[in-house]
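Read the figures in this text as sums done on the coordinates, not as results from a lab. What you are looking at is a predicted structure, and each value in this text was computed from that prediction instead of being measured. With ideal geometry, Cβ positions are generated from the backbone for all residues, glycine too; neighbour counts draw on all protein chains shown.
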Amino acid sequence: MGLSLEILGKEPLPESYGIFPGVTLTVCPTQAFKVGYLSMLLPVPLRRERAPMYSLLLSVLRRGTVRYPTIRCLNRRLDELYATPYSLGNDAVGGWQCLGFSAEILEESYLPEKLDLTGEILDIMCEMLFHPLCDGDGVLSRHYTASEKKLMTDALRAIRNHPAAYAMTCFQEAFYEYDACGYLLCGSEDRIAGFTAEALTDVWKELLQQAPLCLFYVGGMDPERLQALVKERLGGCLSAVGRAVSDGEGGFPEAARSRPLPSPVHWEGVKRLQDTLEAGQSHLIFGFHAGVTVGMPEFGAMMLCNEILGVSPVSLLFTHVREERSLCYSCTSEYYIDRGDLVISVGIDASSRQEAEKAVLDQVQAIRKGAFTDAQWEAARRSLESSYAQVEDSPKAIAGFYGLRRRFGMEERVSDCRMAFRRVTREDVQKVAEKLELSMIYFLEGTGTVGEAEEEDGD
Amino acid sequence: MSDGLDREKKERDAVRCVTSELLRERYWEFHHRSGLRVQVFPKKRHSCTAMFTVQFGAKDLAYRTAEGNEVRVPQGTAHFLEHKLFTLPDGSDVSERFASLGADANAWTDWDQTSYLFTTTEPPAQALRTLLTFVTHPYFTEQTIEKEQGIIAQEIRAEEDNPWERLYRQTMRALYARHPIRYPICGTPSSIRTLTPEILYACHAAFYRPENMTLTVCGDITWEEVARIADEALTDWGKNSAGMAGVIRRRYPETRPPKEKRVVGRAPVAKPLFSLTVKDAGVPQDAVGRLRREVVMGVISEALFSRAGSFYNDLFESGHVTPNYSYGYSVTPEIGYHAVSGETDDPDTVNRAYLSFLEKVRTEGMSPDDFERYRRVLYAGFVSGFDDPEEIADLMVEAQGGGYPLFERLRILQDITLEEGNRLLREVMDPEWTVLSILQSDPPVSGND
């Protein structure tokens with residue numbers, strides 16, 4: 001049922017162009033959208049001691065440049081350019097921390113004036129990366145560094161404001177403590193306090209000289225025109241930092257491919273952690289290692305396993321933990337496709353902890369035994385296919401899909417991915433569920449009293 | 001066209017095609033013979049979104065019986081009803097049926113409206129039939145209501161644990177003396193415990209009527225197909241509504257002065273949160289006038305409070321606010337307010353800066369450059385909403401709820417003037433009618449001015 005992918009034909013893969021050595025532009029040409037997407041990312045090896053430094057660097061680069069010395073000047077320029085939504089990229093994927101910028105750019109045909117908006121946005125990206133505001137001695141602005149260190153510390157402290165996010169952060173820190181890569185990209189208060197503008201400047205210079213530069217574009221601009229634009233805007237910046245600007249090689253830079261992650265540590269038995277926070281709701285989080293990552297033969301089965309367990313509208317967790325037992329409002333699972341782990345989180349009343357824990361683990365056991373209905377199986381498959389089909393409805397999602405696969409060295413289209421899900425059998429899902437090894441249970445007990453809504457008077 | 005089809009077409013109001021040359025988009029709207037308003041926005045995309053919306057939201061706390069008596073209902077009734085409609089008479093959840101059709105169903109309740117929706121990348125006909133059927137066929141029992149109370153109690157707890165949500169509610173309670181925006185959309189654990197099948201059936205009969213609802217569809221589908229499906233799924237709907245309970249559109253008259261000028265609440269936050277809100281008591285009653293006010297206030301809000309402006313940057317550079325900062329104007333037929341929110345160590349200093357900034361900009365007005373810059377910011381924001389079917393459906397539901405044509409916003413954006421903006425700036429952004437709302441971890445400070 002549904003659309004026959006076999007007769008749809010295959011959509012073209014995005015084309016990658018080598019602009020300069022170590023600089024790649026990947027393009028998905030399309031006229032289907034009013035807003036295109038451009039990202040400029042620098043993948044660097046994810047390392048626990050470096051990750052927060054890079055996060056700080058990105059914030060300092062965004063703070064002011066030679067041409068736009070304050071964040072106000074930068075923001076005014078972006079507003080003049082139709083308030084192009086502009087993001088700092090800072091993700092940890094496949095053993096890499098991807099730093100950089102991305103923007104959603106109004107297509108030229110919808111602009112009420114003649115303006116090379118993509119070129120202007122590319123200019124601003126280059127300005128932030130290559131020409132940030134420095135003090136007289138060439139060190140990145142000490143004032144901005146100090147200010148961003150304080151903001152980073154404030155942001156760390158503010159994680160406690162949101163109990164669910166706080167619980168997940170604490171869980172991830174403990175779950176990945178074995179991992180030299182770590183998980184928390186903004187580090188700890190002590191670490192942040194030790195960063196200096198001088199050290200940050202060294203990291204920035206090293207980044208400019210060594211990191212691969214990956215640009216990804218989805219939109220209506222002609223690829224040849226875009227290549228010329230990127231060459232023109234980036235050439236001068238790169239040669240100024242001593243990088244070669246001869247012709248580059250096509251394809252995704254090898255240096256930016258995914259790196260193997262450390263193997264998880266297997267604690268004796270299940271590691272249990274408990275914490276308290278002043279909150280009305282408690283949070284129970286389960287961490288499983290499975291060792292199945294994107295690109296592996298069992299990837300499709302693992303995706304479906306996750307879908308049946310805690311993602312689809314009729315998932316085992318939704319049906320049996322929320323609807324049957326009324327234990328929670330939110331109960332979901334998430335599959336970390338680059339690490340091969342699966343995490344289940346539930347928001348509950350503290351008094352329901354034992355019941356919720358048993359109910360959740362029963363569902364994991366159920367999927368191992370194949371105790372899910374045909375309806376749940378079919379719903380999961382369709383839900384997953386549908387979510388992948390929707391990738392092609394969004395330039396940002398297209399860039400995310402292909403960007404990740406390039407990093408893992410995969411030449412896979414969205415339709416290939418959907419077809420792969422169709423080949424997965426119930427037995428495949430059972431078999432992959434057997435690999436789910438419960439490693440950690442984290443419980444954040446909410447110690448708050450009844451909230452103010454309880455006291456609210458009626459009208 | 002055959003006689004039968006011709007007759008059917010005449011039974012509906014004329015089908016109207018609405019076009020925007022600037023956006024290169026068009027949609028169709030008509031009234032189904034039941035009285036239901038239907039909007040169809042064809043869009044070549046993999047996904048298709050349909051929303052079935054009722055003008056029944058958290059602010060509707062009463063209905064009229066067949067005998068004409070007014071009956072009050074508990075806080076959170078509209079939201080609870082939204083949850084319970086998903087339960088079918090066989091005890092299953094309608095999400096299962098949608099899932100078997102490759103569709104993902106959801107729903108949300110706001111102050112004025114409740115919307116039921118699905119998104120699918122498969123042919124949407126059967127999912128559309130399911131949507132129209134389940135929303136118009138309620139089934140409530142004491143057992144299923146009791147079960148839902150536990151789930152919604154956890155939803156309420158999760159909201160209470162969100163400090164921004166608490167700040168918002170505290171601010172609304174300070175701003176308004178009567179309007180139900182003072183209360184949480186989900187209700188309270190005690191208010192939802194008083195709900196019964198009878199209350200939910202009565203509210204369904206009163207509000208879920210064709211003339212009080214709209215169907216909005218956006219995706220690779222034609223209006224003719226939607227009309228045919230509506231005909232099949234809504235054969236008897238609305239025919240027996242004579243003599244049944246009815247809608248009460250209660251007004252909640254508010255005076256310009258806020259209920260309180262300064263409120264302080266307690267929550268375990270790392271840094272105090274603040275909201276600086278000004279109450280607008282001059283909201284026009286006509287829909288297009290109200291939209292115009294919203295558009296002009298949108299430009300004013302950007303010009304005064306954006307991250308490119310002096311207000312934010314002076315406070316940011318001096319360390320008084322963090323990037324966790326937001327601003328905006330909200331309007332409904334009954335209420336309007338402009339809010340600036342963020343984190344600070346010193347809410348009173350931020351408040352003083354805000355009040356003196358308002359005095360200054362009311363005297364000086366916006367500059368022509370700023371006005372033009374933020375007119376284009378709003379233009380870009382609106383245009384970018386027309387790529388995604390779900391976002392388009394949201395915009396259509398918002399326009400329908402507001403009572404204005406979808407593309408009217410673009411026309412107004414081209415039409416407004418700097419003089420109009422500065423006039424409204426002086427009228428609305430008056431320091432006299434502001435509220436400072438603070439949420440902090442210290443014990444509450446009593447001190448309403």
For the stretch A:405-417, just list the computed ³J(HN,Hα) in residue order, Karplus coefficients 6.51, -1.76 and 1.60, θ = phi - 60°, integers in Hz, with x standing in for Gly and Pro.
5, 4, 5, 8, x, 9, 9, 10, 8, 4, 5, 4, 5
Got a sec to turn the phi values of the stretch B:167-172 into Karplus ³J(HN,Hα) couplings, 6.51 cos²θ - 1.76 cosθ + 1.60 with θ = phi - 60°, whole Hz, x for Gly and Pro?
4, 4, 5, 4, 5, 5
Could you tell me the ratio Rg/Rh of the stretch A:148-248? Both radii from Cα atoms, Rh via Kirkwood.
1.12
Show me the ranking of peptides A:128-135, A:237-244, A:355-362 by mean Cβ neighbours inside 10 Å, starting with the highest.
A:128-135, A:355-362, A:237-244
Using only Cα positions of chain A, each an equal point scatterer, no hydration layer, compute I(q)/I(0) via Debye at q = 0.06, 0.08 Å⁻¹ and quote the log10 values to two decimals.
-0.30, -0.55
Computed from the beta carbon distance with a Förster radius of 22 Å, FRET efficiency for residue B:356 and residue B:430 to the nearest 0.05 stands at 0.95
The local net charge around residue B:199, scoring Lys/Arg +1 and Asp/Glu -1 for residues other than residue B:199 whose Cβ lies under 15 Å from its Cβ, equals -3
Which whole-number percent gives the relative contact order of chain A, counting Cα pairs below 8 Å spaced six or more residues apart?
22 percent
Nearest 10 degrees, 0 to 90: helix A:374-389 Cα axis against chain A principal axis:
10 degrees
Run the quick spin-label model on residue A:49 and residue B:442: label points 7 Å from Cα toward the beta carbon, then report their separation in nm to one decimal.
4.2 nm
Before anything else, pin down the relative contact order of chain B: Cα pairs under 8 Å, at least 6 apart, normalised by residue count, whole percent.
21 percent
For the stretch B:57-64, Karplus-derived ³J(HN,Hα) couplings (6.51, -1.76, 1.60; θ = phi - 60°; whole Hz; x for glycine and proline) come out as x, 5, 7, 7, 10, 7, 9, 9
The stretch A:92-165: which GluC sites (Glu not before Pro) are DSSP loop and have at most 13 other beta-carbon atoms within 10 angstrom?
A:113
Using a simple spin-label model with points 7 Å from Cα along the Cα→Cβ vector, what separation in nm is obtained for residue A:447 and residue A:188?
2.1 nm
Could you give the size of the charge dipole of the protein assembly as shown about its Cα centre, using +1 on the Cβ of each K and R and -1 on the Cβ of each D and E, expressed in debye and rounded to the nearest 20?
440 debye
Multiply the residue gap between residue A:357 and residue A:173 by 0.36 nm, knock off their C-alpha separation, and tell me the result in nm, one decimal place.
64.1 nm
Could you tell me which of B:81, B:42, B:62 has its Cα farthest along the dipole of the stretch B:42-93 towards the positive end, charges placed at Cβ (Lys, Arg +1; Asp, Glu -1), taken about the Cα centre?
B:42
Would you tally the net charge around residue A:387, using a Cβ to Cβ cut-off of less than 12 Å, leaving residue A:387 out, and scoring K and R as +1, D and E as -1?
-2
Assign one of three labels to the stretch A:22-149, namely rounded, prolate or oblate, based on the Cα gyration tensor with a ≥ b ≥ c the square roots of its eigenvalues; rounded applies when a/c is under 1.5, prolate when it is not and a/b is larger than b/c, and oblate otherwise.
oblate
Label model pair residue B:133, residue A:199: point-to-point distance (7 angstrom along the Cα→beta-carbon line) in nm is 6.5 nm
Under the rule a/c < 1.5 gives rounded, and otherwise a/b versus b/c splits prolate from oblate, where does the stretch A:310-459 land using the Cα gyration tensor?
prolate
5 Å is the cut-off here: which amide hydrogens, built 1.01 Å from N in the peptide plane, fall below it relative to residue B:220, excluding neighbours closer than 5 in sequence?
B:43, B:45
How many angstrom lie between the Cα centre of the stretch B:367-408 and the Cα centre of the stretch A:41-81?
29 Å
For residue B:235 and residue B:88 in the same chain, what is the full-extension length gain: residue separation times 0.36 nm, less their Cα-Cα distance, in nm?
51.0 nm
In degrees between 0 and 90, to the nearest 10, how far off the longest principal axis of chain B does helix B:389-402 point, with axes built from Cα atoms?
80 degrees
Using helices alone, I'd like the mean residue ellipticity at 222 nm for chain A: each DSSP H run of four-plus residues gives -39500 (n - 2.57), total over residue count, nearest 500.
-12000 deg cm²/dmol
So what are the three principal axis dimensions of the stretch B:263-407 from its Cα atoms, in whole Å, longest to shortest?
43, 39, 32
What Kirkwood hydrodynamic radius do you get for chain B when you take the inverse of the mean 1/r over all pairs of distinct Cα atoms, in Å?
23.8 Å
Cβ-based net charge around residue B:246, under 9 Å, with every Lys or Arg adding one and every Asp or Glu removing one:
+2
Can you compute the charge dipole magnitude of chain B about its Cα centre, using +1 on each Lys and Arg Cβ and -1 on each Asp and Glu Cβ, nothing else charged? Give it in debye, rounded to the nearest 20.
900 debye
If I fit a long axis through the Cα atoms of helix A:142-158 and take the longest principal axis of the Cα atoms of chain A, what angle between them do I get, 0 to 90°, rounded to 10?
10 degrees
Work out the length of the dipole vector of the stretch B:229-292 about its Cα centre, built from +1 on the beta-carbon of each Lys and Arg and -1 on the beta-carbon of each Asp and Glu, and round it to the nearest 20 debye.
760 debye
Scattering profile of the protein assembly as shown from the Debye formula, Cα beads only, expressed as log10 I(q)/I(0) at q = 0.06, 0.08, 0.09 Å⁻¹, is -0.43, -0.82, -1.09
For the stretch B:87-182, the Cα-Cα pair-distance distribution in 5 Å bins from 0, as whole percents, is 2, 10, 14, 17, 17, 13, 12, 9, 4, 1
Partner chain coverage, peptide B:144-151 - average Cβ within 10 angstrom:
3
Quick one, what does Rg over Rh come out to for the stretch B:10-120 if you take C-alpha atoms and the Kirkwood Rh?
1.04
Compare the Cα positions of B:435, B:361, B:414 along the charge dipole of the stretch B:360-449 (+1 at Cβ of Lys, Arg; -1 at Cβ of Asp, Glu; about the Cα centre) and return the one farthest towards the positive end.
B:361
Using helices alone, I'd like the mean residue ellipticity at 222 nm for chain B: each DSSP H run of four-plus residues gives -39500 (n - 2.57), total over residue count, nearest 500.
-13000 deg cm²/dmol
Dipole of the stretch A:70-133, positive end: most advanced residue of A:122, A:111, A:97 [Cβ charges, Cα centre]
A:97
